[in-house]
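The values are calculated or read from the model by the stated rules, or taken from the named source; none is laboratory data. These figures come from a predicted structure and were not determined experimentally. Quick reminder, even Gly has a Cβ in these numbers, built from the backbone with ideal geometry, and neighbours come from all protein chains shown.
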Amino acid sequence: MARIPLLQLNGISLTFGGDPVFSDLDLVVHMGDRVALVGRNGSGKSTLMKVMAGLVEPDAGEIVVPPGKSVGYMEQDPDMEGFSTLGDYATSELEPGELYKVERAAEGLKFDPARAVGTASGGERRRAALAKLMAEAPELMLLDEPTNHLDIEAIAWLEAELSATRAGFVLISHDRAFLRQLTRATLWIDRGNVRRQERGFEYFEAWRDQVWEEEDTQRHKLDRLIKSEARWAVEGISARRKRNQGRVRALQALRAERAGQIKRQGAAALELETGPKSGRKVIEAVGLAKTFGDKTILRKLDLLVQRGDRVAFVGPNGVGKTTVIKMLLGEVEPDEGSVKLGTNLEIAVFDQARAQLDPEMSLWDSLTGDPTMRVSGKADQVMVRGQPKHVVGYLKEFLFDERQARAPVKSLSGGEKARLLLAKLMAKPSNLLVLDEPTNDLDIETLDLLQELLDEYDGTVLLVSHDRDFLDRVATTTVAMEGDGKAVVYAGGWSDYQAQRQPSVKEKEEKPKSSKEKVRQESAPKPGLSFTEKHRLEKLPAEIARLEAEIGKLQELMADPELFTREPVKFQKATEALVERQEKLAAAEEEWLELEEKAEAG
């Protein structure tokens, strides 16, 4: 069956005053395509998407949309001039009978269509733009970071909508879990080249690493050939000058080829300066409660944070995660309960609003003019990890070029602002990091580095994030804030929390009943059991899920091949704990089966 094209780019070339962004690019997107568009920050992902949307005109080439097909683009900064409310903007292209589509999308994406445009936040405006696109339902959707400013519930709603759509879409996102779930093909922009693989994002990193390995091998062979030919040119050319001019020209061509190769962009030089060791107890909260007006933020939270913990706070937008962290740091007084901070704390904060960055200030002044930064005494240097560094040199470590040093912060992209904030954060010593939505706008390679950095960090981390993959990689404890003041502490990251949590009655009713999960999670007490046995049967699924999560964590720990030699005591304790939990799991599953059989027999 022939595939129906929705968009075709033929011979597209584009240059913004320097190296070509794209050169002679050909690309086709077909009906039903689900494409991840990936690449480093600044590689041209958003530019390519705007070319596809017809918002940026290329220097050469043509963009073809077949008659009767439509392409929709989710605007990053939508122009809402002339509209009174977000709903007016989102419904502006719909027929009267289709207005319900925006109301449905607004409920899933969590914004108020009646909110006045003038008072709406940037996140609300973006959500309205996404709702507009989803309601208009073009045959091809171009989605640039659609999960930014969405909480996990809204991300799950959008994931379900895109999974069910028959439209094609091209998707830029830093959210690995989102990309893995949705995409079936990958476009990779790397140094002006656009490669395509007919496999989803799940296979991207292995593909990228293979391409780079082959590239390094070819470069090494070319270097050896140039070295060999250059030695011949020095030692043997004089006696055979005329007949070997062709070989000399070939050597020049090899050198030109090598010089023309574009070096891969390096990674940002992320490194944290750990301050003096804090006390073993970092934060001890007992019975915390907080209410603002008629909104309950927290009811009776007990939490002990110890040195080295990575504590994640998850929950819907507006539930009060940032407020709880401020209470734990002593910045907001609780209505009830107490907070005791440990000794020797040096706190560094990464805030999601980027409030620490003055948009009118230059990057240079952001570093040298910040009173909390340690300045070396020279106007062009800052102290970084105990050593003076030139401002431009330090900025280059975070992938800024010299021209940007004097540019205003407001000229930076979202990813660049995040890197600048990381540069400020990482110049200071700390032993308690507070990271409020650090993953927004960072590319996948920088996210990998940040995760590795946090793994090696000797201090303690408090983290707010909606990035499920990042939570799984970093968090050792998760505080789930589920609304109406309810906050429950779970061991592990996002997946561990999902495995351990008890589903609500509503979730049990709505959830499809199938397979092993149905058997474990939705078992109801059956006739033929005593009261105690019924109660035990209700409790066993949660106990089994908890044991499985603990076993997974222990197996992950013991997968480290150097653990035995590096920390033999820890290895022995982990081994004993694993055996104990496996025995408990086997016993719990056997008990569950016996009770189920007894219930069915009754």
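The test for being of a type outside the set (Gly, Ala, Ser), more than 25 Å from residue 180 (Cα to Cα) and free of Cβ contacts under 8 Å to residues at least 40 places away in the same chain does not hold for residue 93.
Which residue, of 596, 576, is of a type in the set (D, E, K, R), farther than 21 Å from residue 501 by Cα and surrounded by fewer than 16 Cβ atoms within 10 Å (Cβ to Cβ)? Unique residue meeting the criteria: 576. Is there a residue in region 387-406 that is among the aromatic types (Phe, Trp, Tyr) and either over 22 Å from residue 172 (Cβ atoms) or not in a loop (DSSP other than H, G, I, E, B) (or both)? Yes: region 387-406 contains one or more residues that are among the aromatic types (Phe, Trp, Tyr) and either over 22 Å from residue 172 (Cβ atoms) or not in a loop (DSSP other than H, G, I, E, B) (or both). Checked against (1) modelled with pLDDT under 90; (2) surrounded by fewer than 16 Cβ atoms within 10 Å (Cβ to Cβ), residue 348 passes all but condition (2).
Let's see how each residue does on (1) at pLDDT 50 or above; (2) surrounded by fewer than 16 Cβ atoms within 10 Å (Cβ to Cβ):
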residue	(1), (2)
501	yes, no
506	no, yes
520	no, no
529	yes, no
538	yes, yes
549	yes, no
567	yes, yes
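Might you let me know whether region 97-114 holds any residue that is touching a Ser or Thr at 6+ places or on another chain (Cβ under 6 Å), of a type outside the set (Phe, Trp, Tyr) and surrounded by fewer than 22 Cβ atoms within 10 Å (Cβ to Cβ)? Looking through region 97-114, at least one residue is touching a Ser or Thr at 6+ places or on another chain (Cβ under 6 Å), of a type outside the set (Phe, Trp, Tyr) and surrounded by fewer than 22 Cβ atoms within 10 Å (Cβ to Cβ). Restricted to region 117-151, and to residues that are more than 30 Å from residue 68 (Cβ to Cβ) and within 17 Å of the chain's Cα centre (by Cα), which residue is surrounded by the fewest Cβ atoms within 10 Å (Cβ to Cβ)? So, considering only residues that are more than 30 Å from residue 68 (Cβ to Cβ) and within 17 Å of the chain's Cα centre (by Cα), the one surrounded by the fewest Cβ atoms within 10 Å (Cβ to Cβ) is 123. Does region 80-89 contain any residue that is under 25 Å from the mean Cα position of the chain (by Cα) and touching a residue at least 12 places away in the same chain (Cβ under 8 Å)? Checking region 80-89: not a single residue is under 25 Å from the mean Cα position of the chain (by Cα) and touching a residue at least 12 places away in the same chain (Cβ under 8 Å). Only strands (runs of 3 or more DSSP E) whose full extent lies in region 1-72 are considered here, and the ones with at least 3 residues that are over 30 Å from the mean Cα position of the chain (by Cα) are 5-15, 60-64.
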